[in-house]
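Enquirer: Can you read through this structure? Questions will come right after.
The values are calculated or read from the model by the stated rules, or taken from the named source; none is laboratory data. Only a predicted model underlies this, so the values are computations on that prediction, with no experimental measurement involved. Cβ: placed from backbone, ideal geometry, glycine included. Neighbour counts: every protein chain shown.
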Amino acid sequence: MIDTEYFWLNIFFLSLGTIAIRGSIIALSAKVKISDRIKEIFSFIPAAILPAFVAPAVFFHQGRVEWALGKERFFIMILATAVSYYSRSTLATIIFGLLTLYVVTQ
């Protein structure tokens, strides 16, 4: 178990680092001209980061359900993708994915 003081000290310094990084970008954005090409490249960053968050949760987990050889999260991800495509709603996709995962793993 981690010591409480050590935990909050880490949270404090990580918060300071985050504020410093974001603050410097905001402060420099008025002084630095960003080309349209760079703005276009930056627009792809969220689409590239999303799979980096989703893939470990889907493929590397410690689930106990073995009805799909441990791949129940993959099947739920495919179904949630279909819900996302047809509903065009992020909230509906998240609720569907969470509820389906809960039902399947219980």
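Enquirer: Just give me the residues in segment 9-40 being hydroxyl-bearing (Ser, Thr, Tyr) and outside any helix (DSSP H, G or I), in sequence order.
Expert: Across segment 9-40, the qualifying residue is only Ser35.
Enquirer: Here's a follow-up. Anything in segment 93-106 that is more than 19 Å from Phe53 (Cβ to Cβ) and assigned to a helix (DSSP H, G or I)? List them, or say none.
Expert: Leu99, Tyr102, Val103, Val104, Thr105 - these are the residues of segment 93-106 that are more than 19 Å from Phe53 (Cβ to Cβ) and assigned to a helix (DSSP H, G or I).
Enquirer: Moving to a separate point now. Looking at Thr81, Thr93, Thr105, Thr18, which one is in contact (Cβ under 8 Å) with a residue 24 or more places away in the chain and surrounded by 10 or more Cβ atoms within 10 Å (Cβ to Cβ)?
Expert: Exactly one of Thr81, Thr93, Thr105, Thr18 is in contact (Cβ under 8 Å) with a residue 24 or more places away in the chain and surrounded by 10 or more Cβ atoms within 10 Å (Cβ to Cβ), namely Thr105.
Enquirer: Yes or no: segment 60-70 includes at least one residue that is assigned to a helix (DSSP H, G or I), under 22 Å from the mean Cα position of the chain (by Cα) and surrounded by fewer than 10 Cβ atoms within 10 Å (Cβ to Cβ).
Expert: No, that holds for no residue.
Enquirer: Could you list all residues from segment 29-72 that are at pLDDT 75 or above, aliphatic (A, V, I, L, M) and closer than 15 Å to Thr105 by Cα?
Expert: Ala57, Val58
Enquirer: Continuing with this model, one more query. Mind checking whether some residue in segment 37-52 is touching a helix residue (DSSP H, G or I) at 6+ places or on another chain (Cβ under 9 Å), among the hydrophobic types (A, V, I, L, M, F, W, C) and surrounded by 10 or more Cβ atoms within 10 Å (Cβ to Cβ)?
Expert: No; the residues of segment 37-52 include none that is touching a helix residue (DSSP H, G or I) at 6+ places or on another chain (Cβ under 9 Å), among the hydrophobic types (A, V, I, L, M, F, W, C) and surrounded by 10 or more Cβ atoms within 10 Å (Cβ to Cβ).
Enquirer: Can you tell me how many residues within segment 21-36 are loosely packed, with under 10 Cβ neighbours inside 10 Å and of a type in the set (Lys, Arg)?
Expert: 2
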